[in-house]
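Report on the structure given below.
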Amino acid sequence: MAAVSSGTAKVTLPTDTQILITREFDAPKHLVYKAWTTPELVRQWWHANRGEMTVCEIDLRVGGGWRYAMVAEGFGEVAFHGGYREIVPNERLVTTEAYEGIPDADANAAVDTLTLVEVDGRTTMTILVEHPTKEGRDGHIASGMEAGMQDALDRLEQVAVSLS
Amino acid sequence: MMLDMARAATTADAFNAVGEPRRRQIRDVLAGGERPVNDLVTQLGIAQPQVSKHLRVLRQVGAVEVREAGRQRLYRLNGRALKPIYDWVSEYERSWSERFDQLDIVLEQLKEKEAGDGSSE
């Protein structure tokens, strides 16, 4: 066990159109920022062990764009892209986030604000996801559930196969 | 189709009801057992009309139930109604937790590398 888990992500909904994700990391903020913004490093964690990351492009400047894609087991390719609006190195990133699996992805893009606050070598990360509509916000959360249910079904299938 | 949409809307609305930070606090207090509204007012430190408003929303989605006990009204959580809502948010939470667990591993490597660089200079 090289890594110490610093706790689970906490999700709350401050308003009808927002999602707020909070997580603490046992590392200083400049390393969290580096892991968040360096393509070779993002490739190592963004997949969440649910598949393989196929695209990871980061043009880290205001007006620059990013695009992430992964192939998830039994789920095909999912891709996201957006543009950087505000960059304060090691502290704050504001980007748009469009999910390419929905119609009018760019018109329905969310605005994500990443904030890093360091205390005694530990960093609290908050990600505020703001959707243009409540329906968009709800759909975003529901898509996580669908992927998770697919995971659960896959696991169930593995268990079933191992029992047969 | 209509049915599916109606069900999705219900889950979403229920999720709103329990996900809003104040209502999350109310849930946490009620998780300890039945409470009259005054207890919630004291524990949350906000005015009774606001607490009542949040309780009304929670009752509308079935997350909280109320019963009369003498002159008091006691509020309690309805775990069965909450289950699908928890499933909804917890799956989303879980996917982020798994992603962050991977990020923890990357951060450990970066910390080790930085410590190594420091000592060699």
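Here are a few things to note about the model shown:
- With a Förster radius of 25 Å applied to the beta-carbon distance between A:E40 and A:T115, the computed FRET efficiency rounds to 0.55.
- Within 10 Å of each Cβ in A:47-57, the average number of Cβ atoms from other chains: 2
- Here the range A:4-85 has 51 percent of its accessible surface on carbon and sulfur atoms, given a 1.4 Å probe and all protein chains in place.
- Separation of alpha-carbon centers, the range B:17-50 and the range A:101-142, rounded to whole Å: 27
- Label-point separation, B:Q50 to A:V62 (7 Å along Cα→Cβ), nm: 3.5
- Charge dipole (Cα centre; +1 on Lys/Arg Cβ, -1 on Asp/Glu Cβ; no other charges) of the range A:19-152 amounts to roughly 360 debye.
- Pairs from the table (A:K134/B:K83; B:K53/B:K83; A:K29/B:K53; A:K134/B:K111; A:K34/A:K134; B:K83/B:K111) lying more than 30 angstrom apart at Cα are A:K29/B:K53; A:K134/B:K111; A:K34/A:K134; B:K83/B:K111.
- Total accessible surface hidden between A and B, rounded to 100 Å², 1.4 Å probe: 3600
- Kirkwood Rh and Cα Rg combined as Rg over Rh, evaluated for the range B:27-121: 1.32
- For the range A:1-102, trypsin sites (Lys or Arg not before Pro) are listed when DSSP marks them as loop and at most 10 other Cβ atoms sit within 10 Å of their Cβ; the list is A:R61.
- Positive-end residue of A:A48, A:T123, A:I21, charge dipole of the range A:16-123 with Cβ unit charges: A:T123
- Kirkwood Rh in Å, taken over all unlike Cα pairs in the range B:63-114: 14.6
- Residues A:F80, A:F25, ordered by accessible area of protein heavy atoms at a 1.4 angstrom probe radius and largest first, appear as A:F80, A:F25.
- Shielding value for A:37-45 is 3, the average number of Cβ atoms from other chains within 10 Å of each residue's Cβ.
- Two-site label geometry, B:R71 and B:A31: point separation in nm, points 7 Å out along Cα→Cβ: 3.4
- Alpha-carbon Rg/Rh ratio, for the range A:14-66, with Rh computed the Kirkwood way: 1.02
- Isotropically averaged projected area of the range A:96-142, using the convex hull of Cα atoms (one quarter of hull area), nm²: 3.9
- Stokes-Einstein diffusion coefficient of the range A:1-96, Kirkwood radius over Cα pairs, 10 °C, 1.306 mPa s, in µm²/s: 105
The values are calculated or read from the model by the stated rules, or taken from the named source; none is laboratory data. None of these values were measured; they are calculated from a predicted model. Every residue, glycine as well, gets a Cβ built from its backbone with ideal geometry; the counts of neighbours run over all protein chains shown. Quick note on the areas: whole protein, heavy atoms, side chains included, nothing else; ligands and nucleic acids left out. Shrake-Rupley method; radii C 1.70, N 1.55, O 1.52, S 1.80 Å.
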